[in-house]
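All of the numbers you see were taken from the coordinates with simple rules; none came from a lab. Since this is a predicted model, take the numbers as computed values, not measurements. Here the Cβ positions follow ideal geometry from the backbone for every residue, glycine too, while neighbour counts run over all protein chains shown.
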Amino acid sequence: MKKYEYVTVHIGKFVGAKSEEHQRIIDEYALKGYRYAGYIPVKMNDYGKILDMDLVFEIDC
């Protein structure tokens with residue numbers, strides 16, 4: 001069985017790799033034994049740009 005954790009990241013005015021917040025969060029969860037499983041866009045603007053996303057992590061229970 002797997003347990004999942006979701007961490008919301010606000011994209012804001014940053015474009016792609018200019019933001020390092022996602023890297024810090026992924027590294028933090030890796031140290032706790034979690035595996036990065038992907039992301040889910042949770043808020044988009046009218047033009048389809050992702051404003052907020054959930055990073056998804058999993059760990060075996």
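Going from the fewest other Cβ atoms within 10 Å to the most, the residues Tyr34, Tyr4 appear in the order Tyr4, Tyr34.
Per residue, the average separation of C-alpha pairs within less than 8 Å and at least 6 apart gives the chain a relative contact order of 49 percent. Relative to the longest principal axis of the Cα atoms of the chain, the long axis of helix 21-31 makes an angle of roughly 0 degrees. Please work out whether the chain counts as rounded, prolate or oblate from its C-alpha gyration tensor, where a ≥ b ≥ c are the square roots of the eigenvalues and a/c under 1.5 means rounded, while otherwise a/b larger than b/c means prolate and anything else oblate? Oblate shape, in that a/c is at least 1.5 and b/c is the bigger or equal ratio. Taking 0.36 nm per residue of separation and subtracting the current Cα-Cα distance, fully stretching the chain between Ala30 and Asp54 would add 7.0 nm. As a proxy for reagent exposure, Met44, Met53, Met1 were ordered by neighbouring Cβ count within 10 angstrom, fewest first; the result is Met1, Met44, Met53. For Tyr47 and Lys2, the FRET efficiency from 1/(1 + (r/R0)^6), where r spans their Cβ atoms and R0 equals 30 Å, is about 0.30.
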